[in-house]
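Quick notes on the structure that follows.
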Amino acid sequence: MPVFALVDCNNFYVSCERVFNPELAGKPVIVLSNNDGCAVARSNEAKALGIGMGQPFFQIKPIVEANGVRVFSSNYPLYGDMSNRVMQTLAQFTPAMEVYSIDEAFLDLTGFKSTNLADYAREICYTVTRDTGIPVSIGIAPTKTLAKIANRIAKKSPKADGVLDLTSSRYRDLALERTPVQEVWGIGRRLAPFFTSRGIKTALDLKLAPSWLVQQKMEINGVRMQKELTGEHCYPLEDNPARRKSVSVSRSFRTPVTTFDELSQALALYISRGAEKLRHQESFVENITVYVMTSRFKSQPCYYNSKTAVLPTSSSDTPELIKHGKKLLKQIFQSGKEYTKTGVIFSNLVQDGQVQFDLFDTVNRSKQQKLMQAMDKINARMGSQYLGYAAMGLPGRQPWKAACNHCSPAYTTDWNQLMNVR
DNA sequence: TCTGGGGTCCTAGGACCC
DNA sequence: TCTGGGGTCCTAGGACCC
């Protein structure tokens, strides 16, 4: 029987802020999404005040002000770096692991029979907190879906106190009974009402539900989910992450943008970020999609338009991609609209050596690549955007740039922002 | 006034081919 | 009057995840 341990950081972004700001302990804290839009991480104290996941900041402002909730803009360089530290610590405890997201990892504990798994998990929790400052919870089970459920209870139940082992089938059904169906991994906001309206309200109900019903609604994924709930594993540990199959970059604007020039500057910046990601994983893009949109929350209908181009020769060259992107943007830009967002999606990625060359290509591609390598090197050392293209507009003169009114310092990734200890 | 961003997988259906 | 069958490939859209 395989054994999976799902390790999940508690209120991860908030915990990262607390590491460098210990006076936040015990206080309500939230971290906002990009552009200071929504609450995407909440301390337990903030949850207790009724602040929901993904709630717009302007809606919760009264609660924030009345209770002295500490607010942070999201600081992804910091969270990314803290995540790496947590993952490195976890790697010491298992022969194989899958980094599932910025704050979660599946550990393969198959064959750790001689060990008391719950004790071992507590040791992991202790070590991660000691070495990184981040508190974690652990759920253990023979399938990933059950490990997710175990983790959720480990986090919530005072009795479990951060660790729950469901490898023995004895308490499994009890755990499933205590798990609302919408909390099951793979049941989202569409499927949940479908099942609850048919009397399938808990994970246990879902496990026992007629398989034809689940299969009819969810196809192959429903079959797998029911099997996983019974303890038969269908999803293996993916310990060798493949390259991304697509790369996208988009941001909401601080205030709506109306001119082509500003829209085009923002797009150029996002394309250059995306091209960096491509080069980082040594991919070249074949299909480039550009889109624009206006607000979804206004009385007039939202305008959304996108256009895709197939490049004659796949590329990861920033200026070349900007040129293509601008051409696409021209085709979908309509004046008189208040744009709130633009973005680029790179799809059909190929690797070096698979690039299909255009017979009539006149570009010196190896020279191009050397230039990009040099630029990436300089930016890695001097800070991103140290070298950029004029097409992005000048730093300090990009009024569309997202709001970040509550940002903490990049404590661990920028020499100029190290912590001062007095 | 103010509502995030980046991914994956799956399927249906159309285009096209023999 | 009456017009096949079986593939593949691609795309758009829908669902989910964090």
From the phi of every residue in the range A:78-83, what ³J(HN,Hα) in whole Hz does the Karplus formula 6.51 cos²θ - 1.76 cosθ + 1.60 yield, where θ is phi - 60° and glycine or proline is x?
5, 5, x, 5, 5, 4
Once both labels are modelled 7 Å past Cα along the beta-carbon direction, what's the residue A:379-residue A:364 spacing in nm?
2.3 nm
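Given 25 °C and 0.890 mPa s, compute D for the range A:54-135 with the Stokes-Einstein relation, Rh being the Kirkwood radius over Cα pairs; round to the nearest whole µm²/s.
Numbers: Rh = 15.4 Å.
D, rounded to a whole number, is 160 µm²/s.
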Within 13 Å, Cβ to Cβ, of residue A:330, how many net charges do the neighbouring residues add up to if Lys/Arg are +1 and Asp/Glu are -1?
+3
Highest GNM mean-square fluctuation among A:300, A:354, A:281, for chain A with Cα springs under 10 Å, belongs to A:300
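Could you work out Rg/(2.2 N^0.38 Å) for the range A:169-229, with Rg from alpha carbons only? Walk me through the numbers on the way to the answer.
Details: Rg = 10.6 Å, N = 61, 2.2 N^0.38 = 10.5 Å.
The range A:169-229 yields a ratio of 1.01.
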FRET efficiency estimate (nearest 0.05) - Cβ-Cβ, residue A:238 to residue A:307, R0 35 angstrom:
0.55
If you average the C-alpha positions of the range A:238-315 and of the range A:57-121 separately, how far apart do those two centres end up, in angstrom?
28 Å
Quick one: angle between helix A:260-280 and the longest Cα principal axis of chain A, in degrees between 0 and 90, rounded to 10, please.
60 degrees
Helix A:365-382 sits off the longest principal axis of the Cα atoms of chain A, rounded to the nearest 10 on a 0 to 90 degree scale, by 60 degrees
Over the Cα atoms of the range A:247-392, what Rg and Dmax result, in angstrom?
15.9, 51
Sorted from fewest to most neighbouring beta carbons within 10 Å, what does the list A:167, A:294 look like?
A:294, A:167
Built amide H within the under 5 Å cut-off of residue A:408, gap 5+:
A:73
Amide H to amide H under 5 Å from residue A:38: which residues, 5+ apart in sequence or cross-chain, H placed 1.01 Å off N in plane?
A:33, A:57
Taking amide H atoms as placed 1.01 Å from N in the peptide plane, list the residues 5 or more away in sequence, or in a different chain, whose amide H sits under 5 Å from that of residue A:143.
A:4
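Could you pull out the longest piece of chain A with no exposed loop GluC sites (Glu not before Pro) in it, calling a site exposed if DSSP puts it outside H, G, I, E, B and it has at most 14 other Cβ atoms within 10 Å?
Numbers: sites that count: A:232, A:238, A:282, A:338.
So the longest stretch without any such site is A:1-231.
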So what are the radius of gyration and Dmax for the Cα set of the range A:331-422, in Å?
19.4, 64
On each of the three principal axes of the Cα atoms of chain A, give max minus min coordinate, whole Å, ordered largest first.
67, 57, 48
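What is the sum of charges, Lys and Arg at +1 and Asp and Glu at -1, for the other residues whose Cβ falls under 13 Å from the Cβ of residue A:404?
Values: positive: A:251, A:254, A:401; negative: A:36.
Its environment carries a net charge of +2.
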Charge tally in the Cβ shell below 15 Å around residue A:197, where Lys, Arg are +1 and Asp, Glu are -1, residue A:197 excluded:
+4
Helix A:117-132 axis, angle to chain A major axis (alpha carbon atoms, nearest 10°)
40 degrees
Of the peptides A:324-330, A:367-373, A:37-43, A:398-404, how do they stack up when ordered by the mean number of other Cβ atoms within 10 Å, highest first?
A:37-43, A:324-330, A:398-404, A:367-373
Which whole-Hz couplings ³J(HN,Hα) result when phi for each residue of the range A:47-52 is put into the Karplus expression 6.51 cos²θ - 1.76 cosθ + 1.60, θ = phi - 60°, listed in order with x for Gly and Pro?
4, 5, 7, x, 7, x
Specify the inter-centroid distance of the range A:193-229 and the range A:148-163, based on alpha-carbon positions, in whole Å.
23 Å
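None of the figures in this text is laboratory data; all of them are computed from the coordinates on show. Just so we're clear, the structure is a prediction, and the values are computed from it rather than from any experiment. Every residue, glycine as well, gets a Cβ built from its backbone with ideal geometry; the counts of neighbours run over all protein chains shown.
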